[in-house]
Amino acid sequence: MNPERVAIVTGAARGIGAATARRLAADGLRVAVLDLEESEAKGTVDEIKDAGGTAVAIGADVSDESAVTAAVQRVADELGAPTVLVNNAGILRDNLLFKMTAGDWDAVLTVHLRGAFLMSRAVQKYQVEQKWGRVVNLSSTSALGNRGQANYAAAKAGLQGFTKTLALELGPFGVTVNAVAPGFIETAMTRATAERVGVPFEDFIAGAVAQTAVRRSGQPEDVAAAVAFFCSEEASFVSGQVLYVAGGPKA
Ligand code: NAP
């Protein structure tokens, strides 16, 4: 990668975001590790620095417009113009429809969709100026429907439409926009789901593995590798795509 490139990865204190931040740094980018709390993001930054990379920790809520504006400005001031954006921050508020509150609905749609919108709008200014950019949005196999996740499925399907629309709008400026849609990945998020449904995490993983063609569960690094491809210089003719990273053809 061109060492002048600066990436922002949201929700990068842990899980898929942290693995993606580490991977992009290993590929030579300077990386802003953004999460709700700056102190939480510092762990990923230390790992990147220990490996010889360059990173800064940024605290911001991606759904807060003024916080996003300030965060992106800080990245530009401290690392340089951000032209790679990975919209990864996410939350779950699972429940069957009849038990789902309006608060559960709003919280999920707000972080995933409003968050990706605000971050992308703030970063596109730098991408258009530089006539180069990459946006990767984290969708999910849940976009195809998943019991107990009406809010999350709607958000993740919404991100696919968002991806394709930004690909059309930003393509003339050298900016590609793609989505990665993971299946079951071992992170704090899936561990919390196992706890919520009262299944030991190891059993939860075994259940996922049994339904996965490659007979293993996904790791954050599996997703990071797909994101890194979309962010690479040589992926400049790939845009508006959704890549399922799910260990098989069935989501
Ligand atoms: P995770 O371990 O829960 O990490 C998500 C990170 O996002 C956390 O550090 C969280 O911070 C942060 N975050 C939440 N709300 C935020 C906000 N408003 N602003 C900034 N940061 C925020 O999740 P993950 O499993 O790595 O998932 C990462 C992404 O992949 C999500 O978009 C998720 O929906 C998607 N995905 C995951 C899977 C899977 O199986 N794990 C599958 C498909 C798609 P706090 O810890 O402070 O809340």
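The values are calculated or read from the model by the stated rules, or taken from the named source; none is laboratory data. Only a predicted model underlies this, so the values are computations on that prediction, with no experimental measurement involved. Here the Cβ is made from the backbone with ideal geometry for all residues, glycine too, and neighbour counts use every protein chain on show. The accessibility values were calculated without ligands, DNA or RNA, using every heavy atom of the protein model including side chains. Shrake-Rupley method; radii C 1.70, N 1.55, O 1.52, S 1.80 Å.
A few comments on the model shown:
- Annotation: G11 fulfils all but one of (1) open to solvent by 10 Å² or more (accessible area, probe 1.4 Å); (2) out of contact with any strand residue (DSSP E or B) (no Cβ under 8 Å at 6 or more places or on another chain); the unmet one is (2).
- Looking across K99, K42, K49, one residue alone is open to solvent by 30 Å² or more (accessible area, probe 1.4 Å), more than 10 Å from the ligand (Cβ to nearest atom) and more than 21 Å from P220 (Cβ to Cβ). It is K99.
- Comparison of A107, A81 shows that the only residue that is surrounded by fewer than 20 Cβ atoms within 10 Å (Cβ to Cβ) and more than 18 Å from the chain's Cα centre (by Cα) is A81.
- Helices (runs of 4 or more DSSP H) enclosed by the stretch 176-247 - at least 1 residues per element that are touching a helix residue (DSSP H, G or I) at 6+ places or on another chain (Cβ under 7 Å), more than 15 Å from the ligand (Cβ to nearest atom) and assigned by TED's automatic domain parsing to the domain that holds R93: 220-231
- The sole residue among V62, V31 that is in a strand (DSSP E or B), out of contact with any Cys (no Cβ under 9 Å at 6 or more places or on another chain) and either within 16 Å of A224 (Cβ to Cβ) or in the same structural domain as A150 (by TED's automatic domain parsing) (or both) is V31.
- Listed by first and then second residue, the pairs linking a residue in the stretch 212-228 that is farther than 10 Å from G183 by Cα and without any contact (Cβ under 8 Å) to a residue 24 or more places away in the chain to a residue that is surrounded by fewer than 21 Cβ atoms within 10 Å (Cβ to Cβ) and hydroxyl-bearing (S, T, Y), with Cβ atoms under 8 Å apart and 6 or more places separating them unless they lie on different chains, form an empty list.
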